[in-house]
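Enquirer: Dumping the structure here so I can ask a few things about it.
A short reminder: the numbers here are calculations on the coordinates, not readings from a lab. Predicted model only: the values in this text are computed from it and were never measured. When we count neighbours, we look across all protein chains shown, and the Cβ atoms used for this are built from the backbone with ideal geometry, even at glycine.
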Amino acid sequence: MERFAQLAAQSLNTVLESPVQWTDLEIPPEPQLGDFAFPCFKLAKQLKKSPPQIAQALLNQLKEKGTLPPGIEAHTVGPYLNFTVSQQLVLQSLLKDILTGEDRGHYGSLPATTRGTWVLEYSSPNVAKPLNIYHLRPTALGAALDRIGRYRGYRVISINHLGDWGKQYGMLTVAFRVFGKTVDSQLSMLDLVDLYVKINALAENDPKIGEEAKEAFVRLEKGDPEITALWQKCVDISLREFDRNYARLGVHFDHIWGESHYKSQLQPMLENLKSRGILVESEGAWIVPVTDEAGQELPPCLLQKSDGATIYATRDVAAALYRFEKFHFDRMTYIVGAEQRLHFKQVFGVLKRMGLDWVDRCEHIPFGLYRFKDAKMSTRKGNFVTLDEVLAQAKERVKTLMMERQIERQKDQPQAESTTTSRESLEDISEAVAVGAVVFHDLHTDPIRDVEFDLERVVDFEGETGPYLQYAHTRCLSILRKAQATGQAGDKIEFSPALTAHLNTEIELRLVKTLGQFPIHLERTLKFSKASQLAHYLIEVTQLFGAFYRECHVLGQSRELTQARLMLVEATRRIIGQGLQLLGIPLPEKM
Ligand code: ARG
């Protein structure tokens, strides 16, 4: 449908003063209203006419000029000018595109690196602390945007900005001394947490500890080999742990550049800013007066404390400069919690103050928290629930559900296919479904809203859940398998123009059109940095597929009708499968 939206926008542009992009077209709420809608409100305001008048005038002009592409019809719906793609185009061209893999087998993908450079920073946990469920938000969203960005032709550079620098790491090295640990000690992530908690408790009553931590951090900044080795050990232990989690989620980064990565750039940058009068002294500390995008004054951005130490913001300014120098990005996105809104406004304010106009290419995408229905979890101190813990609980629940389903199914039809395969054990499938459920639930929630976590609902096989989509995908596979086993289909479902004549119910046409919207939703996901856009779309596809499957029998019809409908099953399988893969949801073969 993307191509048709582009054609509609092109024809529209023959009668508009200022051109629109195809992405400016909306999808009408009801399919019978048309496939794309151009809202006329803005234009009406400019021309001081009513929106319906504008819509009608545009329609007349389009007809006069004759610039509507063949197969696309236009009509007005109140204040909108709507476009409808003909059945012929939908079945012959759209279905073909989805099935023949004109785009290298991936419908809606664009050739690699045709679209500019996108620096995408996500996940960015702190060293010496296990991944909290809360870290799933930037990790899952970032990784989804990363995959979708690449799929849509961006040169994506993904960066994990680990929190690995600052006085707290000086504190950790003091804990090594106090509790008799060395670089050679066998330590786990939990040991690090334990050391950190214990040393902080001591520091509360002993100011000398804090002093020593400060000194240790100064030594670390100067590159003292002994302290550096201890710090490196903490980073390594943490990374090993993070990598295990990332592997489970299928997440990879181009660069793991923690805050420490910029350490040698901090002093020269501060000197430069001071010499230019951008960084000014205030009560012994050094600050930059900043404003937001609208020119409103913000609290100044502190870059150097009175004891000479740099802070979190200093590293962020240096990181932005470094990344622009290296990548000349067209867009840079930070996926970081909503509580850091002011921080990013200040950092962007500093860049603006430095006269760097590329600051307009930088954006902060904030996200909300996790809330648990389970009282035990929601009252934990600091809401500290690890990702591992949540996944483990989800997995247990999936196993129980799967076993129940298996028993039910065998009761109904003793010959039913087993839910496991020789390649996938119950263990593998439960892992895939648990990860899929938890990740989908997170992504399905608009980033800025809090995630309401209720395990039963998250893992439910029905409802707007990951397992519901994964199950729909396995169902498509099972229909295709059955068709092959009974000789109703060959090894591959191929597009056949002649067969499309058999697809003539309303639901079938609607299913193809909706499948064809896939690229449009990918594009919107990128535009708004919201994976929930794609997640909701996939739910819509799956519900529609359910309706199709209820209304239209696939197997056991006339050979042509069965073959024609199998094309729809295969097209649906491709879109749901591709969509889930892009979101980072594993695809079990059976469930
Ligand atoms: N490590 C930080 C935290 O856990 C998030 C870092 C976000 N990224 C950045 N460029 N400041 O809160």
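Enquirer: Given labels modelled 7 Å from the Cα in the Cβ direction, how far is it in nm from R449 to Q543?
Expert: The modelled label-to-label distance comes out at 1.4 nm.
Enquirer: Which percent, nearest 5, of DSSP beta bridges in the chain are antiparallel?
Expert: Around 50 percent antiparallel, to the nearest 5.
Enquirer: Can you give the extra length, in nm with one decimal, that the chain gains between A112 and S558 once fully stretched, where that is 0.36 nm per residue apart less the Cα-Cα distance?
Expert: Gain on stretching A112 to S558: 156.3 nm.
Enquirer: Kindly list the residues of the stretch 13-30 that lie in the label zone of K65, defined by a backbone N under 12 Å from the point 7 Å along the Cα-to-C-beta vector.
Expert: The answer is 13-20, whose backbone nitrogens lie closer than 12 Å to the label point.
Enquirer: Where in the stretch 165-198 does the amide nitrogen come within less than 14 Å of the point 7 Å from the Cα of Y312, taken along Cα to Cβ?
Expert: Once the point is set 7 Å along Cα→Cβ of Y312, 165-169 turn out to lie under 14 Å by backbone N, inside the stretch 165-198.
Enquirer: Using Cβ counts within 10 Å as a stand-in for footprinting exposure, how do E389, E221, E325 rank, fewest first?
Expert: Ordered from fewest to most neighbouring Cβ atoms within 10 Å, E389, E221, E325 come out as E325, E389, E221.
Enquirer: Compute the projected area of the convex hull of the Cα atoms of the stretch 511-575, averaged over all viewing directions, and report it in nm² to one decimal place.
Expert: Mean shadow area of the hull around the Cα atoms is 4.2 nm².
Enquirer: I've got another one for you. So how much slack lies between E211 and F179, counting 0.36 nm per residue of separation and subtracting their Cα-Cα distance, in nm?
Expert: My answer for the length gained is 9.8 nm.
Enquirer: Largest first, please: the extent of the C-alpha atoms of the stretch 431-568 along each principal axis, to the nearest Å.
Expert: 50, 31, 25
Enquirer: Pulled fully out, how much extra length does the chain show between R457 and D254, if you take 0.36 nm times their separation in residues and subtract their Cα-Cα distance?
Expert: So the extension gain works out to 69.6 nm.
Enquirer: Continuing with this model, one more query. State which entries of K49/K530; K305/K345; K376/K411 exceed 25 angstrom in Cα-Cα distance in the structure shown.
Expert: Cα-Cα > 25 Å for K49/K530; K376/K411; rest within.
Enquirer: Counting only trypsin sites (Lys or Arg not before Pro) that sit in a DSSP loop (anything but H, G, I, E, B) with at most 15 other Cβ atoms within 10 Å, what is the longest stretch of the chain containing none of them?
Expert: It runs 105-275.
Enquirer: Let me ask something else about it. Note down the Stokes-Einstein diffusion coefficient of the stretch 276-392 in µm²/s, whole number, using a Kirkwood radius over alpha carbon pairs, 4 °C, and 1.567 mPa s.
Expert: 79 µm²/s
Enquirer: Under the Kirkwood approximation for Rh and a Cα-based Rg, what ratio Rg/Rh is obtained for the chain?
Expert: Dividing the radius of gyration by the Kirkwood radius yields 1.03.
Enquirer: Can you compute the label reach from E427? Point 7 Å from Cα along the Cβ direction, backbone N cut-off under 19 Å, restricted to the stretch 388-403.
Expert: 388-389, 391-403
Enquirer: Based on the Cα gyration tensor of the stretch 257-307, what are the three equivalent ellipsoid semi-axes, each the root of five times an eigenvalue, rounded to whole Å and given largest first?
Expert: 21, 15, 11
Enquirer: With an 8 Å Cα cut-off and a minimum separation of 6 or more residues, compute the relative contact order for the chain in percent.
Expert: Computed over the chain, the figure is 16 percent.
Enquirer: What percent do you get for the relative contact order of the stretch 492-579 when only Cα pairs under 8 Å and 6+ apart count?
Expert: 43 percent
Enquirer: Spin-label point model (7 Å from Cα, Cβ direction): what's the E26 to D330 distance in nm?
Expert: 2.7 nm
Enquirer: For D194 and D491, what is the calculated FRET efficiency with R₀ set at 45 Å and r taken between the beta-carbons, to the nearest 0.05?
Expert: Using R0 = 45 Å, I get an efficiency of 0.20.
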